[in-house]
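Okay, structure first, notes after.
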Amino acid sequence: MLLRPEDIVIEELDENEHSNAIIGRIVDRTYKGMTLESTVEFDHNGKRVLVSEFFNEDDPHMDHSVGQRVGYYMARRLGGCTQR
């Protein structure tokens, strides 16, 4: 599946927080000027994806830490992506 980077959303989650998103962890991150690239490893199968987000220094949820538990899903306008 090919998606535009702006169609992917990463939501930071607490350790015990439930989400309908695909669950994973940040394993790497790289600042590239106006974007933040985060590598997410999925809990259920160990596969990794690279997510590019436009960096907003005023958003406290934008600076994902390595090891941070996250939910990974498509933007709502695409109908969402749920774990199977």
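Mind putting a number on the dipole of segment 24-63 about its Cα centre? Charges go on the C-beta only, +1 for Lys and Arg and -1 for Asp and Glu, and I need it in Debye to the nearest 20.
Working: 5 positive and 9 negative charges, 60 e Å.
Charge dipole of segment 24-63: 280 debye, to the nearest 20.
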Residues Val66, Val9, Val51, sorted so that the one with the fewest Cβ neighbours within 10 Å comes first
Val66, Val9, Val51
For segment 16-78, run through the trypsin sites (Lys or Arg not before Pro) and keep only the ones in DSSP coil with at most 16 other Cβ atoms within 10 Å of their Cβ.
Lys47
Give, as a single signed number, the net charge of other residues whose beta carbon lies under 15 Å from the beta carbon of Glu15, with Lys and Arg counted +1 and Asp and Glu -1.
-3
For a quick check: with amide H placed at 1.01 Å from N, whose amide H comes under 5 Å from Leu13's, ignoring anything fewer than 5 positions away on the same chain?
Arg69, Val70, Gly71
Spacing of the two label points (7 Å from each Cα toward its C-beta) at Asn45 and Ala75, in nm:
2.5
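Need one word for segment 17-61: rounded, prolate or oblate. Basis is the Cα gyration tensor (sqrt eigenvalues a ≥ b ≥ c); a/c below 1.5 gives rounded, then a/b vs b/c decides. Could the numbers behind the result be given before it?
Details: a/c = 3.01, a/b = 1.57, b/c = 1.92.
Oblate shape, in that a/c is at least 1.5 and b/c is the bigger or equal ratio.
Here, each number is a calculation from the coordinates, and none is a lab measurement. Computed from a predicted structure; not experimentally measured. No Cβ is skipped: glycine too gets one built from the backbone with ideal geometry, and neighbour counts run over all protein chains shown.
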